[in-house]
Each structure stands twice: as C-alpha cells, then as structure tokens.
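Inspection log for the structure reproduced underneath, given as structure tokens.
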Amino acid sequence: MRLRKKANLSQRLAACGGRWVQQPGQLRGHWRSLMPDAREIHLEIGCGKGRFTVEMALRHPDWLWIGVERSAGAMVTAAEKARDLGLENLFFLDLDAGWLGQYFAPGEVQRIYLNFSDPWPSSRQAYRRLSHPDFLMRYRGILSPGGAIEMKTDNAGLFEWSLFQFPKAGFRLEEVCRDLHRDGPAGVMTDYEEKFYRQGKPICRCTAVMEALPAEMSGWQDPLAQFHNPRLLDGRKPL
C-alpha cells in the first residue's frame with residue numbers, strides 16, 4: 001500500500017537536526033565521520049517509523065545506527081523521534097536497498113537488520129525480496145569480514161525460503177528460531193512485531209554470518225549495474 005504524502009514533508013525532514021542524510025554519496029567510506037568513536041555501524045533496511053532503530057540506538061549508544069527507508073513519509077516520523085530524544089548516534093536515508101553499494105564502501109557495515117520486509121508472495125516477484133541472493137550479494141559488498149544479517153518476519157513461507165537463500169550467498173545460519181516470543185517478549189520489537197505478538201502469531205528469526213563466497217557465485221554481477229541512479233549526482237530526490 002502506497003503511503004499518502006505527508007504535508008510539509010520537506011520542511012519536517014529539514015527540521016530533524018541533520019539526522020536525515022541528504023547527500024549519502026558523499027559519505028561513502030566516511031560514515032564514521034558522523035560518529036568517530038563508534039565501535040560498529042549497524043544498518044536497518046526498511047526501518048519504517050523507526051521504533052526498532054530508535055530503541056536499539058538508545059540501548060547501544062556506542063554504535064552508529066542508520067535507518068534506511070524508501071518511504072520518506074514513514075521515515076520522517078523516525079527522524080523526529082531521534083531528534084526529540086537527542087540521539088546523536090542515529091541517522092536516516094530515504095533510498096532503495098538496491099543502491100546500498102553506491103553509498104557504503106566495502107566492509108563499512110558490521111550488521112544489517114531485515115525486519116518484517118515485504119514477502120512479495122508471487123514467485124514472479126521473488127527478485128524483490130530483501131533476502132533474495134541478489135540483495136544478499138549486495139549486502140556482502142558493504143559488510144565487514146564476519147559481518148552478519150539478522151532477519152525477523154511473521155511470514156513462515158518467506159522465512160523458510162530465505163533459509164535456503166543465505167547459504168547460496170555464503171552466509172552461515174545461526175540462531176534459527178520459528179517462535180521467538182514463545183516464552184514471552186524477547187528483544188526489541190517493531191510496531192508490526194508487537195501487533196503480531198498480541199495476536200499470538202509466531203515470529204521467525206535468524207542470524208546469518210558472512211563467510212567465504214561460494215565458487216558458483218564468484219561471477220555474480222549486479223543486475224542494477226546497467227542502470228543509472230539519479231541520486232548519485234547530488235544525493236537528493238524529489239519528495
């Protein structure tokens with residue numbers, strides 16, 4: 001469902017005290033300049049209104065957190081929360097995950113979170129799933145050695161499918177769980193997660209640790225490489 005464009009969106013984002021990164025291309029390879037003493041850089045793809053990212057930034061002030069959300073209308077709420085809480089270790093980007101490699105340098109990120117991503121249930125749309133091998137290979141391009149991906153979803157079909165995709169791109173599965181909150185709330189929840197938990201719906205979670213690239217993927221080429229990303233020119237796009 002397409003979100004309705006919020007009134008005064010540009011003004012609201014501009015008032016977020018620099019937490020909305022308007023020119024991410026200029027920070028490629030230099031994200032730590034936003035927080036020089038950061039121990040690690042953690043990235044949530046599809047952060048929505050920011051409940052998970054904001055809470056994690058509060059709990060882990062020594063890590064630099066970056067929320068990625070292609071809907072600026074949702075992201076503005078997250079950026080305003082970070083501003084109001086005075087969080088200096090949390091920033092936001094409004095861009096599609098397919099372009100991450102053009103905004104982050106190899107090895108620059110230590111952990112990526114995929115929380116309740118769109119399952120794209122049609123097999124014809126499998127390439128859009130954020131755990132598709134093409135996306136996993138892009139994540140490899142920005143993760144540091146031994147970096148990891150954490151995935152949570154309420155969609156059992158997507159989860160089981162994803163468990164087969166991670167090894168294809170050289171990720172070792174750990175902490176595979178198909179009912180995360182069976183014994184009570186565990187960890188920081190997203191808004192969707194709390195809703196599903198209250199409904200009694202099982203939440204699936206796994207961690208995938210990056211290892212050596214399988215030989216069969218050594219010749220992989222990014223399908224997006226042939227396209228031009230207009231944001232590379234000035235880091236902006238129309239709101």
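Here are the numbers:
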| quantity | calculated |
| --- | --- |
| Calculated diffusion of the chain, Stokes-Einstein form, Kirkwood radius summed over Cα pairs, 10 °C and 1.306 mPa s, µm²/s | 86 |
| Farthest toward positive dipole pole in segment 65-191 [+1 Lys/Arg, -1 Asp/Glu at C-beta], among MET189, TRP120, ALA82 | TRP120 |
| Residue among ILE66, GLY29, PRO106 farthest towards the positive dipole end of the chain, charges placed on Cβ | ILE66 |
| 18 Å Cα cut-off, lysine pairs counted over the chain (separation 8 or more, or different chains) | 10 |
| Around GLU44: net Lys/Arg minus Asp/Glu count, Cβ-Cβ under 10 Å | -1 |
| Percent RCO, i.e. relative contact order, over the chain, from Cα pairs under 8 Å lying at least 6 residues apart | 20 |
| Carbon plus sulfur fraction of accessible area for the chain, probe 1.4 Å, in percent | 51 |
| Of all DSSP beta bridges in the chain, antiparallel share, percent nearest 5 | 35 |
| Cα centre as origin, Lys/Arg/Asp/Glu Cβ charges: the chain dipole, Debye | 820 |
| Top positive-direction residue, dipole computed over the chain with Cβ charges, set ALA14, GLY50, ALA148 | ALA14 |
| FRET efficiency estimate (nearest 0.05) - Cβ-Cβ, ARG28 to LEU224, R0 22 angstrom | 0.85 |
| For peptides 10-20, 48-58, 147-157, sequence by mean Cβ density within 10 Å, most packed first | 48-58, 147-157, 10-20 |
| Heavy-atom surface of the chain, accessible at 1.4 Å and reported per residue (Å²) | 50 |
| R0 of 35 Å, Cβ-Cβ distance TYR127-GLU88: FRET efficiency to nearest 0.05 | 0.40 |
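The values are calculated or read from the model by the stated rules, or taken from the named source; none is laboratory data. Just so it is clear, the model here is predicted, and its values are computed rather than measured. In this analysis, Cβ positions are derived from the backbone assuming ideal geometry, glycine residues included, and neighbour counts consider all displayed protein chains. Remember, those area values only see protein heavy atoms, side chains included, never the ligands or the DNA or RNA. Shrake-Rupley method; radii C 1.70, N 1.55, O 1.52, S 1.80 Å.
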